[in-house]
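Reading through the structure tokens given below for one structure.
The values are calculated or read from the model by the stated rules, or taken from the named source; none is laboratory data. Please read all numbers here as calculations on a predicted model, not as lab measurements. Heads up, the Cβs are rebuilt from the backbone with ideal geometry, glycines too, and the neighbour counts pull from every protein chain shown.
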Amino acid sequence: MAHNPDDAALVGRCLGGDNAAFDKLISRYKRQVFSVIYRMVRNPADAEDLAQDTFIKAFRALSSYDPKFPFITWLFKIAHNTAIDHLRSNKAQVLSLDIEESPLQDECFDQTLMDSIDALSDKSMIDKALATLPPVYREILALRHQQEFSYSEISEALGIPEGTVKIRLFRARNLMKEKMLTLGYPGP
Amino acid sequence: MNCHQAYEALQGLIDNSLNKKELVEIKTHVRNCPACKAEYRALKMVAEGLDRMPLYETSPGFNKEVFRRLGLEYKPQRRPAWQSLAMAAGLSLSVFWLTALAAALPTLLMGAKAYKLTQWLHHPELILPSFQSAILKSGLAAYQTLGFAAKVAGWLLKSSALPTQMAVAGLLALVLVFITMRFFRPQTSL
Ligand SMILES: [Zn+2]
């Protein structure tokens, strides 16, 4: 996982009133935060707002950050809660948020929203298959495969036990596999 | 290991999270079970596709907007253009002068020696043409400057702040230019 050992020092400088240190932390992690949130909400403008919300909440809660843990998992915990709150406020998607055992239900998703995003994102098979997954599955796949978080780091960031991390991750990958095979991947 | 147990181990294999014993068990099973081999291939294909998920860029004003929403004044990290320019100028000047001094060192030492031989006269310009006198004087001045420059260089190397080093090196270069121009003025008037 890409985290930086001097994050804690930067947080210390922020707490001492050095706002330039916070500017550095934003620059360091904004792409990662934005990318994972975008995977979840699939709307670039919302994702940008929510990524900003994440850093604003982080700044206000900096004194509660424990430097024993990586700053980025703490930051992703805030990003996760911010994105989930946003999705919960969106009635069309709330059903698909948190039920591990529920079967995949395509009608849970806001099709118009997804269609409009499809025009912006690339049309690769992975993206098409990802688009059919519930947000929490898209999130855990991004944390594991894009951010290269370990099970324990995901557990820390999402506030769920490692056992649940494995169940969710394995289900997400199995769903991806089924979707991609349905879509004809890897193709003739 | 049966196929049911292999299901979780296959995922662990994808995530590189198995210990040695588990690794041997799942590899043995996959070798002998076409169904699990196919399952592993499919999962691996998915994982490799997911590993290529791109990172997305935020809009250019992202940091500034966060600061604005926090009610904080935003000062960009980038150093102002004039500072970068001054640093670049200082650096190139000091590199130029250090190189020039090193190249001219033997000549300068000879000049200084010659000056010492003739210093009993106190006023070489009385018996020498003015340009030769000026060259001798500048030789000695350069000799002394070199000693001073060595001291300054030592101090600069000990000082850790790069902007300070650059600023002083730039200043030194300007001083050297000034001194040289003064010493060579008699020649230009010839
Ligand atoms: Zn098997």
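Some points to look at:
- Test result for B:GLU8, among the acidic types (Asp, Glu), more than 29 Å from A:ALA58 (Cβ to Cβ), surrounded by 15 or more Cβ atoms within 10 Å (Cβ to Cβ) and away from the ligand (no atom under 13 Å from the Cβ): no
- Within the set B:ALA100, B:ALA112, the sole residue that is at pLDDT 70 or above, within 30 Å of the chain's Cα centre (by Cα), surrounded by 10 or more Cβ atoms within 10 Å (Cβ to Cβ) and assigned by TED's automatic domain parsing to the domain that holds B:LEU174 turns out to be B:ALA100.
- Which listed residue, of B:LEU91, B:LEU43, B:LEU85, is surrounded by 12 or more Cβ atoms within 10 Å (Cβ to Cβ) and more than 16 Å from the ligand (Cβ to nearest atom): B:LEU91
- Residue in region B:31-44 that is farther than 17 Å from A:SER27 by Cα, among the hydrophobic types (A, V, I, L, M, F, W, C) and at the interface with chain A (Cβ under 9 Å from one of its Cβ atoms) present: yes
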